[in-house]
Amino acid sequence: MFITLEGPEGSGKTSQMAPLADFLRQLGNSVVTLREPGGSDIGEQIRGVIMELNNTAMNPRTEILLFLASRAQFVAEIVRPTLNAGQWVLCDRYADSTLAYQGYGHQVDLDILRRLLDFATGGLTPDLTLLLDIETNAGLSRKRKAGGEWNRLDAYPPEFHQRVRQGYLELARNEPQRWVVIDASQPLEMVQSAMRQAILARVQA
Ligand code: TYD
């Protein structure tokens, strides 16, 4: 089972990963939590270039190809072998982040992106994607308060983040059999419980 967590800035995905994985393990599954570049040395080097705050001149096309380069390595070296070993993969962001950020955010043609994504991942699609949805200002101010890493992409204007959020909601509407939308403005425990229910519903279906 391949499950991905998606959401705009400050949606709280990352803090939900560990408790969710523990819950799935208690059900008897072997679960690996991942986040691109996921320990791939080559992917790590590529990510450094993408996130570097000084790289202000980066062309959106360059950004896309770097994300995809990192993901191709991640899928081949980490995700596929893990799934092939019969383990569950719970992944913090995946291909839908590219559609939301580069497609809706930077307004790059979605069909082109889908073809590039297909090439990079060899067509590996999640079985289930949980969208932690939060209103843009609430998410960004939550992220600022948390005081963590503030990367080059967080510094894009509010309209960019607004398009990302709406893009995610549209992706979820277009593929309801794969996506479940969760209200991430709720207290963390309620978000966690909604995520667990969504997975149980899918597994038992
Ligand atoms: P990260 O620090 O991992 O953010 P978060 O904690 O919000 O997941 O940084 C990832 C940033 O990169 C985030 O702003 C989303 C963006 N991103 C893309 O623009 N395209 C992509 O394909 C991926 C995977 C991430």
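The values are calculated or read from the model by the stated rules, or taken from the named source; none is laboratory data. Treat the numbers as computed from the prediction; the structure is a model and nothing was measured. In this analysis, Cβ positions are derived from the backbone assuming ideal geometry, glycine residues included, and neighbour counts consider all displayed protein chains.
The set of residues in the range 73-111 being in contact with a strand residue (DSSP E or B) (Cβ under 7 Å, 6 or more places away or on another chain), part of a helix (DSSP H, G or I) and more than 12 Å from the ligand (Cβ to nearest atom) consists of ILE78, VAL79, THR82, LEU83. Looking at the range 186-205 only, could you name the residues that are surrounded by fewer than 16 Cβ atoms within 10 Å (Cβ to Cβ) and either without any contact (Cβ under 8 Å) to a residue 24 or more places away in the chain or touching a Lys or Arg at 6+ places or on another chain (Cβ under 9 Å) (or both)? Correct list: GLN186, PRO187, GLU189, MET190, SER193, GLN197, LEU200, ALA201, GLN204, ALA205. Determine, yes or no, whether GLY48 is over 23 Å from GLY139 (Cα atoms), outside any helix (DSSP H, G or I) and among the small types (Gly, Ala, Ser). No: the conditions fail for GLY48.
Residues that are exposed (fewer than 14 other Cβ atoms within 10 Å of the Cβ) and either of a type in the set (Gly, Ala, Ser) or away from the ligand (no atom under 16 Å from the Cβ) (or both) within the range 112-128 comprise GLY122, GLY123, listed in sequence order. Determine if the range 31-41 includes at least one residue that is modelled with pLDDT of 95 or more, within 12 Å of the ligand (Cβ to nearest atom) and under 25 Å from ALA85 (Cα atoms). Taking every residue of the range 31-41 in turn, at least one turns out to be modelled with pLDDT of 95 or more, within 12 Å of the ligand (Cβ to nearest atom) and under 25 Å from ALA85 (Cα atoms).
Of the residues making up the range 3-21, those that are in contact with a Leu (Cβ under 7 Å, 6 or more places away or on another chain) and assigned to a loop (DSSP other than H, G, I, E, B) number 5. On inspection, VAL164 fails the criterion of being surrounded by fewer than 23 Cβ atoms within 10 Å (Cβ to Cβ), within 13 Å of the ligand (Cβ to nearest atom) and within 18 Å of LEU68 (Cβ to Cβ). When the criteria are applied in full, ALA155 meets the requirement of being exposed (fewer than 12 other Cβ atoms within 10 Å of the Cβ), among the hydrophobic types (A, V, I, L, M, F, W, C) and within 16 Å of the ligand (Cβ to nearest atom).
Of all residue pairs spaced 6 or more apart or on separate chains, those with beta-carbon atoms under 9 Å, a first member in the range 69-93 that is farther than 17 Å from ALA21 by Cα and in contact (Cβ under 8 Å) with a residue 24 or more places away in the chain and a second member that is within 13 Å of the ligand (Cβ to nearest atom) and basic (Lys, Arg) are SER70/ARG47. GLU63 passes every criterion in (1) more than 12 Å from the ligand (Cβ to nearest atom); (2) acidic (Asp, Glu); (3) in contact (Cβ under 8 Å) with a residue 12 or more places away in the chain apart from (1). Consider the range 132-144 and keep the residues that are within 13 Å of the ligand (Cβ to nearest atom) and at pLDDT 95 or above. The one that is nearest to GLN197 (Cα to Cα) is LEU132. Only one of the listed residues (ILE182, ILE199) is modelled with pLDDT of 95 or more, within 16 Å of the ligand (Cβ to nearest atom), in contact with a strand residue (DSSP E or B) (Cβ under 9 Å, 6 or more places away or on another chain) and farther than 29 Å from LEU53 by Cα. That residue is ILE182.
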